[in-house]
Every structure is written in structure tokens, then in C-alpha cells.
Amino acid sequence: MREISDFFVPWLKGQKMYVSSHIDLAWQHPELHRLMSNENPNPPSDKVIEAILKYGKMANRYADQGFAVRGKLAEMNGLPGIENVMLGTGSSEIYDMILRSFLQPGDEVIQHTPCFGIYKLRTAVAGGKIVSVPMTYKWGDDHFRFEPEAILKAITPKTKVIIVANPNNPTGNFMDPAAFVKIAETGIPFIVDEAYIEFAGVKEKSQVGLVKKYKNVIVTRTLSKAYGLAGLRFGYALGDKDVIMQIAATLIPWNQSTIAMWAGLAALEDVAGLKTRVDFNNAELDRIKKEVSKIPGIKPFDSRGNYMLFDSKVPGKTGAGMIELAQSKGMILRGQPPMYGSDGWFRLTIGTKDENDMFIAAVKGYFTK
Ligand SMILES: Cc1ncc(COP(=O)(O)O)c(C=O)c1O
């Protein structure tokens with residue numbers, strides 16, 4: 001008899017279920033402060049809770065294709081209609097659908113590193129090969145630099161998708177708008193990941209205008225961050241209608257639940273609720289940056305996400321040491337493996353005011369003792 005392992009598609013070998021050990025830890029220890037997964041510290045608004053309860057009572061029914069919320073998203077983004085909008089259970093599922101639509105085994109996906117880890121994992125499951133083009137940075141620089149020319153240089157006949165997050169996670173900064181046009185001009189499917197765009201302002205910073213001109217540009221967004229609904233699992237893609245509807249052939253029927261659709265719509269309509277969350281986040285980012293900048297040897301990076309990356313250069317201290325100390329004080333932070341010749345990296349997700357104060361005190365304590 002043949003081994004069951006012989007039946008798996010070869011590119012699945014060695015791939016594992018994705019487990020977020022830090023999120024698992026946080027659920028197992030609710031007393032710990034969750035300053036690690038770019039969640040929103042504020043719970044859903046009453047309007048969203050109302051929708052959750054209302055559609056929870058109708059959970060015996062299948063959802064429609066999301067007419068109302070897709071219509072709302074099209075309208076908000078100046079696009080013609082629902083065929084320009086595809087829903088997913090978080091934007092993580094959206095990348096999966098896009099990658100499955102374009103990749104055959106051996107095809108390449110370009111990402112700009114350091115970046116969100118899921119692009120690589122979903123590329124691998126689709127049989128693709130990730131090509132990582134590094135941003136540039138050295139100690140003393142104000143920010144990481146996007147390298148669009150290096151992205152263009154990395155293109156080969158096998159390149160089927162290019163992904164850039166704007167702002168990028170974990171670096172927190174934005175690529176120059178002209179660089180998006182340059183990459184769009186290649187005609188290669190180009191995912192612009194705008195998971196955090198609301199913190200800087202959709203009007204001010206979104207590249208969604210490009211989808212009207214370039215069929216290959218797909219903008220992805222999520223309600224997990226500024227809208228604060230990570231557990232609800234609501235992501236979406238915006239693009240040309242023919243492209244979106246072709247990708248939607250990969251969509252698992254009824255992927256997004258009725259509850260997520262209607263609670264998502266309630267969140268999108270709650271303009272004041274979004275503003276409160278964005279204003280809180282941005283004020284805390286500024287406050288934390290100001291406080292941490294006072295500590296010699298610590299470099300906080302400007303961010304308009306709900307996270308902040310830090311590099312440090314203090315003798316005998318490391319980013320891993322900082323994370324360990326924070327955990328001993330009840331805070332889960334996020335690490336970053338050594339890169340750019342530094343082992344001083346750590347990342348904070350903006351928490352409540354009290355949590356951010358705890359973080360600032362812990363950083364001061366660790367690096368100044
Ligand atoms: C850059 C980026 N994109 C997308 C996501 C995924 O969000 P979700 O799958 O919850 O929509 C994240 C989450 O941390 C992220 O950092």
C-alpha cells in the first residue's frame with residue numbers, strides 16, 4: 001500500500017498549520033496585557049454589538065452575497081458597485097484567494113521585507129516561491145527606506161504577484177505614491193495592503209484611485225485594526241470588477257458570516273466610532289514616541305499604524321531581553337529577529353493608556369539600569 005504522504009501535493013510537505021503562540025498565550029492568560037498583535041484595545045461600539053446580537057438571533061440563516069456591505073464599501077471608495085468588492089474572513093483570506101488565483105507551483109511572489117508574515121505562508125501553500133526584497137536601513141536612519149527599484153529588478157518571468165503594505169508592518173511608514181504607479185505599470189498583479197490605512201486617513205493616503213486605471217492593482221483592507229474587529233474576521237478587496245469577480249471564483253461559499261457582514265456594516269457606518277479609535281491611537285503613538293525618545297540608545301520609528309517598532313543600541317541590552325522583561329511584568333510584546341546588524345528590535349501594539357504607561361516604564365527600567 002502507498003504511504004498517505006505520497007498523496008499530498010509536494011509543495012505542502014513541511015508546511016504547518018499557522019499557530020500564533022503569543023495570541024494563544026494571551027487567551028490562556030487573560031491577565032497578560034496584549035501588546036503584540038496589532039489589535040485595537042477598545043471593544044466594539046454599541047452599534048456593532050447591536051448588529052452582532054440582531055444577526056446572532058438569525059444565525060440559523062445563510063448570508064446573502066453581502067449586497068449591503070459590499071455596496072457600502074464601493075460607495076465609500078468611489079467605485080461603481082458590488083462587483084468591485086470581494087469579502088473575506090479577514091484580509092488574510094483575501095491574500096489566499098488572490099494568490100490561488102494567480103499562482104501555479106514554482107511561480108514567484110515578491111514581498112518587501114520586513115513585512116507581515118502571512119504573505120509567505122499563503123504563497124507556500126499555493127505552491128509559490130516567495131522572493132523577499134529588503135527595505136534598507138542602518139542605525140541612525142530616521143526610517144526604513146522602501147526600494148521600489150529593487151522590487152522592479154526582482155521581477156522575473158515567473159513573478160505573478162507583488163505585495164506591498166502601506167503603511168508597512170512592522171516599519172510603520174508609507175511608500176512614495178509615484179512608486180506605486182511604477183510598480184502598477186508592470187501589469188503584474190499588485191496587492192496594496194492597506195490594513196492600517198484608516199489611522200493615516202483613507203482620503204489622504206489610500207492608493208485605491210489606482211484600481212480605476214490599472215486592472216492589475218488590488219487594494220486589500222480589514223476591519224481588524226482601526227475598526228477594532230479582529231475577532232470578527234472581516235477583510236475585503238477592492239479592484240476592477242472583472243478581476244475581482246474572477247478572483248471571487250475561489251471564494252469559499254458563505255465564507256463571511258451573516259454576523260460579520262452586518263456588524264461590519266454597522267462599524268463602517270459608525271463614523272464617530274472610527275474617529276474616536278483613530279484619534280486615541282494617534283495621540284498615544286505621539287505620546288509614546290516622545291517619551292521613549294528621551295531614553296538614550298532607543299530608536300522609535302514613526303508609525304501611522306497601531307504599532308511602533310523600536311531599534312536599540314545599549315551595551316548589554318537586546319530586544320529579546322526587553323521582551324522577556326516586559327513579559328515578567330505582565331506584558332506581551334512582539335519581537336523581531338536580528339536584522340540590519342542589530343539585535344535590539346522590539347515592537348509595541350498600542351494598548352490602553354495604562355498599558356502604554358506600563359510599557360514606557362518598562363522600557364525606561366530595562367534600558368537605563
Ligand atoms: C500588514 C497586515 N496586513 C494584514 C493583516 C491581517 O489582518 P486580518 O487577516 O485580520 O484582516 C495584518 C495583521 O496583523 C497586517 O499586519
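Restricting attention to the range 332-352, report how many residues are in contact with an Asp or Glu (Cβ under 7 Å, 6 or more places away or on another chain) and not hydrophobic (A, V, I, L, M, F, W, C). Steps first, please.
At the first step, the residues of the range 332-352 found to be in contact with an Asp or Glu (Cβ under 7 Å, 6 or more places away or on another chain) are 342, 344-345, 349-350.
Applying the additional criterion that residues be not hydrophobic (A, V, I, L, M, F, W, C) yields 342, 344, 349.
Matching residues across the range 332-352 total 3.
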Restrict the check to the range 115-132 and report whether at least one residue is surrounded by fewer than 22 Cβ atoms within 10 Å (Cβ to Cβ), basic (Lys, Arg), within 16 Å of the ligand (Cβ to nearest atom) and farther than 17 Å from ILE183 by Cβ.
-> yes
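Criterion first (within 13 Å of MET308 (Cα to Cα), outside any strand (DSSP E or B) and at pLDDT 95 or above) does ILE360 satisfy it?
Details: within 13 Å of MET308 (Cα to Cα): yes; outside any strand (DSSP E or B): yes; at pLDDT 95 or above: yes.
Yes, satisfied.
Can you say whether ALA230 is in contact (Cβ under 8 Å) with a residue 24 or more places away in the chain and not charged (D, E, K, R), as far as the supplied structure shows?
On the way: in contact (Cβ under 8 Å) with a residue 24 or more places away in the chain: yes; not charged (D, E, K, R): yes.
It is true that ALA230 is in contact (Cβ under 8 Å) with a residue 24 or more places away in the chain and not charged (D, E, K, R).
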If you take the residues of the range 76-98 that are of a type in the set (S, T, N, Q) and closer than 24 Å to GLU204 by Cα, which of them is surrounded by the most Cβ atoms within 10 Å (Cβ to Cβ)?
-> SER91
Any idea which of VAL292, VAL278 is surrounded by 18 or more Cβ atoms within 10 Å (Cβ to Cβ) and over 29 Å from PHE234 (Cα atoms)?
-> VAL292
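Which ones in the range 181-209 are part of a loop (DSSP other than H, G, I, E, B) and farther than 23 Å from VAL271 by Cβ?
Of all residues in the range 181-209, those part of a loop (DSSP other than H, G, I, E, B) come to 185-189, 194-196, 201, 206-209.
Those that are part of a loop (DSSP other than H, G, I, E, B) and farther than 23 Å from VAL271 by Cβ: GLU185, THR186, GLY187, ILE188, PRO189.
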Return a yes/no flag: does the range 199-206 have any residue that is over 26 Å from TRP262 (Cα atoms) and buried (at least 17 other Cβ atoms within 10 Å of the Cβ).
-> yes
Mind checking whether some residue in the range 247-260 is crowded, with 23+ Cβ neighbours inside 10 Å and not in a loop (DSSP other than H, G, I, E, B)?
-> yes
For the range 2-97, which fully contained helices (runs of 4 or more DSSP H) count at least 2 residues that are away from the ligand (no atom under 16 Å from the Cβ) and touching a helix residue (DSSP H, G or I) at 6+ places or on another chain (Cβ under 9 Å)?
-> 46-56, 67-76
Go through (1) more than 20 Å from the chain's Cα centre (by Cα); (2) in a loop (DSSP other than H, G, I, E, B) one by one and return the number of the condition LYS212 breaks.
-> (2)
State whether one or more residues within the range 175-190 are near the ligand (Cβ under 10 Å from one of its atoms) and not hydroxyl-bearing (Ser, Thr, Tyr).
-> no
Mind listing whichever residues of the range 317-348 are outside any strand (DSSP E or B), crowded, with 20+ Cβ neighbours inside 10 Å and of a type in the set (Phe, Trp, Tyr)?
-> TRP345
Out of (1) touching a His at 6+ places or on another chain (Cβ under 9 Å); (2) within 19 Å of VAL243 (Cα to Cα); (3) more than 16 Å from the ligand (Cβ to nearest atom), what's the single condition that is false for ALA150?
-> (2)
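Can you pull out the residues in the range 100-111 that are of a type outside the set (S, T, N, Q) and either in contact (Cβ under 8 Å) with a residue 60 or more places away in the chain or in a loop (DSSP other than H, G, I, E, B) (or both)? Outline the logic, then answer.
First pass over the range 100-111, keeping only residues of a type outside the set (S, T, N, Q): 100, 102-103, 105-110.
Answer for the range 100-111, where residues must be of a type outside the set (S, T, N, Q) and either in contact (Cβ under 8 Å) with a residue 60 or more places away in the chain or in a loop (DSSP other than H, G, I, E, B) (or both): ARG100, PHE102, LEU103, PRO105, GLY106, ASP107.
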List pairs: first in the range 30-45 and at positive phi, second surrounded by 15 or more Cβ atoms within 10 Å (Cβ to Cβ), Cβ under 7 Å, 6+ apart or cross-chain?
-> ASN38/ASN169; ASN38/LYS225; ASN38/GLY305; ASN38/ASN306; ASN38/TYR307; ASN38/THR349
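The values are calculated or read from the model by the stated rules, or taken from the named source; none is laboratory data. Quick caveat: nothing in here was measured; it's all calculated off a predicted structure. As a convention, Cβ positions derive from the backbone with ideal geometry for all residues, glycine included, and neighbour counts pool all protein chains shown.
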